[in-house]
Amino acid sequence: MDKQEVLRRYFGHGEFREGQETLIDALLAGRDALGIMPTGGGKSLCYQVPALLLPGVTLVISPLISLMKDQVMALEKAGVPAAFLNSSLSAMEWRAVYDGLRQGAYRLLYVAPERLEAENFSALAKELTIPLVAVDEAHCISQWGQDFRPSYRRIADFLSSLPRRPAVGAFTATATDLVQRDIVALLGLRDPVRAVTGFDRPNLFFDVRQPRNKGTALLELLRQREGRSGIVYCATRATVERLCEALREHDIPATRYHAGLSEEERRQNQEDFQFDRCPVMVATNAFGMGIDKSNVSFVLHYNMPKSVEAYYQEAGRAGRDGEKADCILLYSAADVATARFLIESSSGGDLPPEKAEEVRRQDYRRLSAITGYCRSTRCLRGELLDYFGQAHAERCGNCGNCLGDFRWEDITREAQMILSCVLRVREKLGFSVGKTLIVRTLRGSRDARVLQLGLDRVSTYGLLAKVPAAQIRTWMDHLELEGYLRVDGTHDTLEVTGKARGILFQGETVSLPVRADRQPERSRRRKAAAIPPAEDGLYDALRSERMRIAQAEGVPAYVVFSNAALADMAARRPRSLAEFLEVSGVGEVKAQRYGEAFLQAIRAFEER
Ligand code: ADP
Ligand code: ZN
């Protein structure tokens, strides 16, 4: 068998995705490899395919217990013998896996990193043929990432303790240089073959909304997505509690997850979500890495997250099955204040003061990037890809800003006030100040610093007294974007540029694009929401069949078939087992196991 055949027979896919082949070829040739792909990009296949072609058992090091169980279950359904070792197993189960390993019964073994150090495991590992070690979520090895796990640091020791060093494949969705370098150095990768694939996720629809009332907006969004599964991320535990309860009162089947809950409750709630008993999960960012639920069809952010990286990672949990999915962020100016407060009040742990200060500065830079995303009027996908340094078309046609209606609001008068305020203040003081002081001056604030500097005596004091600070900031941001204002990078002070003369003295006008957000939700929905492709009900019939099987076998529905596979099935309407095998996502074992049932469902549907 070759890799192409493995792909078709076990996983039911016709071709490899970008990057997969490069990594697979490297690992098959015994070389180390580093795969950087976005969530949902198909990293698992990069070690699962080699595992089926190499002799012995491939070790997969993965940080999350729940993820392991699911992956093993999914592999077994596809006819790939696999097992996992972690703290959730009883002594007896543990022994059964050990016996299986000695007999060469598995192609893949998933282990938590802590297990590598267990005395009896390292002894066993020395007896086994291990051609390949795959390190999943490899960024956990770096303390620059968000999910640092000290136990990852000992993987290198484990590798060198083996009689023959296996090929090592490291996989992550985190793209920064610093993290990549850490992975290579700390895992001891030897001249790894790299594949960094595009970060774009074309099936995700991105939007930022600024509703007057977030609660009502959220409820409306969830009602429009009834019967679908999704995650609502909140900034704090208290918000999770409050929202989850409110949603339940409105009969939305929600459950909750945050670090303050007992381990038992977290496990239970996660499982309820996984099995679609509670399709809506309300959670803090503690609910995250390792959620391998492929049919998440929306990720809503009730609060602005703390960075673009965090946002892309969380939003990226939607649509892993390749189907259309929505990522919508509900933004308010108060989110920025909360985020500032959280940064200010973070103690910096046991870091030395200078180090803690450096971290804080870094946090502020991240905050300003995500705030920029929230306020942007450009293509949102473009904003995200820019952040990750990837080229893109100017407009994607599948985000709230590309599809939104903008009106142009003339802000020439306001711009003149802001620009002259910056000039007057500089004139008075002999030095430049930051945005905050300018906003306070324009609003006529009695703030101590304003009075102390005598800014209440400049002529522009109080000119915009009735305007909310956030609004003034939006105007300033726009003036900055258009090149009328410049922020000095080292001191964060504001300067008027030469270009501003046009507005101040030569009758030039300036307008701000404003999204007509009051536009009724419904008209946008058709394009935005994930609507199953089959309109005639076959898709629903196949879903019920899948649900029936999943319940009978006690597994989550997507372990049987992904939504994408069902959609393809509905489109192709196979009539024979041979035709059934053509369906994307159907391998031989699954065809054997489920083919007849689904063919029967299709026949029944056609004869109805
Ligand atoms: P990651 O681990 O990178 O987040 P996964 O390995 O879980 O992503 O893959 C995400 C989805 O993409 C899965 O549903 C998987 O079946 C699908 N997939 C992976 N490779 C291919 C391929 N070559 N063709 C079609 N679908 C694929
Ligand atoms: Zn766009």
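Brief remarks on what is shown
- For the chain, the antiparallel share of DSSP beta bridges with both residues in that region comes to about 15%.
- With Cα atoms, 0 to 90° folded angle of helix 538-553 axis to the chain main axis: 60 degrees
- Highest average first, the peptides 42-50, 66-74 ordered by how many other beta carbon atoms sit within 10 Å of their residues are 42-50, 66-74.
- Note on residue 94 and residue 238: the model spin-label points, each 7 Å out from Cα along the C-beta direction, lie 4.3 nm apart.
- Share of carbon and sulfur in the accessible heavy-atom surface of region 213-276 [1.4 Å probe, %]: 44 percent
- Size of charge dipole - region 340-469 - debye, nearest 20, with Cβ of Lys, Arg +1 and Asp, Glu -1, no other charges: 440 debye
- Taking Cα atoms only, the orientation of helix 333-345 departs from the longest principal axis of the chain by about 80 degrees.
- Descending Cα extents along the principal axes, region 251-372, whole Å: 47, 33, 26
- Accessible area per residue for the chain is 46 Å², calculated with a 1.4 Å probe on protein heavy atoms, without ligands, DNA or RNA.
- Karplus-based coupling profile of region 306-311, in residue order and whole Hz: 8, 7, 5, 4, 4, 4, with θ = phi - 60° in 6.51 cos²θ - 1.76 cosθ + 1.60 and x standing for Gly or Pro.
- Compactness of region 5-55, taken as the C-alpha radius of gyration over 2.2 N^0.38 Å, stands at 1.06.
- The label-point distance for residue 344 and residue 359, in a model that sets each label 7 Å from Cα toward Cβ, rounds to 1.9 nm.
- Net charge in the neighbourhood of residue 246 (other residues with Cβ under 14 Å of its Cβ; Lys, Arg +1, Asp, Glu -1) is 0.
- Charge tally for residue 102 (other residues, Cβ to Cβ under 13 Å; Lys, Arg +1; Asp, Glu -1): 0.
- Here the accessible area is traced with a 1.4 Å probe on the protein chains. For region 34-86, carbon and sulfur cover 64 percent of it.
- Percent accessible area from carbon and sulfur atoms, region 117-193, protein chains only, probe 1.4 Å: 47 percent
- The Rg/Rh ratio of region 53-209, with Rg taken over Cα atoms and Rh as the Kirkwood radius over Cα pairs, comes to 0.99.
- Value of relative contact order over region 362-402, rounded to a whole percent, pairs C-alpha under 8 Å and six or more apart: 36 percent
- Reach of residue 3 by Cα under 12 Å, taken over aspartates and glutamates that are not fewer than 8 positions away in the same chain: 15, 21, 25
- Relative contact order (%) - the chain, alpha-carbon pairs under 8 angstrom, separation at least six: 14 percent
- When Rg and the Kirkwood Rh are both derived from Cα coordinates, the Rg/Rh ratio for the chain amounts to 1.02.
- Crossing angle, helix 91-102 versus the chain [Cα axis fit, 0-90 degrees, rounded to tens]: 70 degrees
- Estimated inter-spin distance, residue 157 and residue 491, nm [label 7 Å along Cα→Cβ]: 5.1 nm
- Backbone N within region 496-511 under 20 Å of label point (7 Å from residue 412 Cα along the Cβ vector): 497-511
- Distance between region 38-95 and region 565-608 - C-alpha centres, whole angstrom: 27 Å
- Alpha-carbon centroids, region 232-286 and region 191-220: separation in whole Å: 20 Å
- Over the chain, DSSP H runs of length four or greater, each weighted -39,500 (n - 2.57), average out per residue to a 222 nm ellipticity of -14000 deg cm²/dmol.
- Electrostatic bookkeeping for residue 509 treats Lys and Arg as +1 and Asp and Glu as -1; over the other residues with beta carbon under 10 Å from its beta carbon, the sum is -1.
- Hits among lysines - C-alpha to C-alpha of residue 355 under 20 Å, sequence gap 8 or more where chains match: 306
- Over 24 Å (Cα to Cα) - which of 43/77; 214/293; 69/590; 43/293; 43/126 fall in this group: 214/293; 43/126
- Computed accessible area, residue 344, all protein chains, 1.4 angstrom probe, square angstrom: 100 Å²
- Extreme residue, positive dipole direction of the chain, given options 578, 329, 513 (C-beta unit charges): 513
The values are calculated or read from the model by the stated rules, or taken from the named source; none is laboratory data. For clarity, every value in this text was computed on a predicted model and none was experimentally measured. Note: ideal-geometry Cβ built from the backbone for every residue, glycine included; neighbour counts use all protein chains shown. Note: accessible area is taken over every heavy atom of the protein model, side chains too, but ligands, DNA and RNA are not part of it. Shrake-Rupley method; radii C 1.70, N 1.55, O 1.52, S 1.80 Å.
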